[in-house]
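So the structure is just underneath, and the comments pick up after that.
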Amino acid sequence: MPRRSATVWPARPTVRYAREVAKALRMETVGGVLMLVATVAALVWANTPWSGAYEALRTYEISPEWLNIGHMDIEHWASSGLLAIFFFIAGVELKEELTYGELRNPRDAALPVIAAVGGVALPAIIFLAVTAGEPGAAQGWAV
């Protein structure tokens, strides 16, 4: 009897594995775990004897002349460019959720909105309470 595995499995196993990897990367938990692993790896790398290589990579300059943005290293690309893209995507997803998703009903959206406002206001209040009476403290940032 002939073996009919080609009807069950793709003819090339790499296609099946690529499909499974793509499906796994679409899961939110996998992305979070990858970010956590990358963060731990960067922390370990920056605090080992090889920290010079980490510092060289962090300060490596990528400044295409045609963009006319001056001198920007990888650190500034991450803190300026990638964060701007992240917050843009987060804003688009929030708008989608508030317009068509589970938060389109104001009663359902009340708790997340209150939590977001508290997450913004509470660090500022703590900063002001800790630095009250200090000269020049009002010029600081609540981070």
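Please specify each residue of the range 52-66 satisfying the condition of being open to solvent by less than 70 Å² (accessible area, probe 1.4 Å) and closer than 24 Å to G81 by Cβ. Scanning the range 52-66 gives A53, Y54, A56, R58, T59, S63, P64. Taking the stated definitions as given, is H71 out of contact with any Phe, Trp or Tyr (no Cβ under 6 Å at 6 or more places or on another chain) and either open to solvent by less than 80 Å² (accessible area, probe 1.4 Å) or assigned to a helix (DSSP H, G or I) (or both)? No, not satisfied.
Is the range 79-94 home to any residue that is assigned to a loop (DSSP other than H, G, I, E, B), open to solvent by 100 Å² or more (accessible area, probe 1.4 Å), farther than 17 Å from M35 by Cβ and out of contact with any Cys (no Cβ under 6 Å at 6 or more places or on another chain)? No - not one qualifying residue is present in the range 79-94.
Within the range 97-107, restricting attention to residues that are part of a helix (DSSP H, G or I) and surrounded by 12 or more Cβ atoms within 10 Å (Cβ to Cβ), the residue that is farthest from the chain's Cα centre (by Cα) is L98. Taking each residue of the range 108-122 that is over 13 Å from L98 (Cα atoms) and looking for partners that are open to solvent by 40 Å² or more (accessible area, probe 1.4 Å) with beta-carbon atoms closer than 6 Å, six or more apart or interchain, yields nothing. Annotation note: of L82, L103, the sole residue that is in contact with a Pro (Cβ under 9 Å, 6 or more places away or on another chain) and under 28 Å from E28 (Cα atoms) is L103.
The values are calculated or read from the model by the stated rules, or taken from the named source; none is laboratory data. Being a predicted model, the structure only gives us computed values, none of them experimental. Virtual Cβ from ideal backbone geometry, glycine too; neighbours counted across all protein chains shown. Accessible surface is based on the protein model in full, side chains and every heavy atom, while ligands, DNA and RNA are left aside. Shrake-Rupley method; radii C 1.70, N 1.55, O 1.52, S 1.80 Å.
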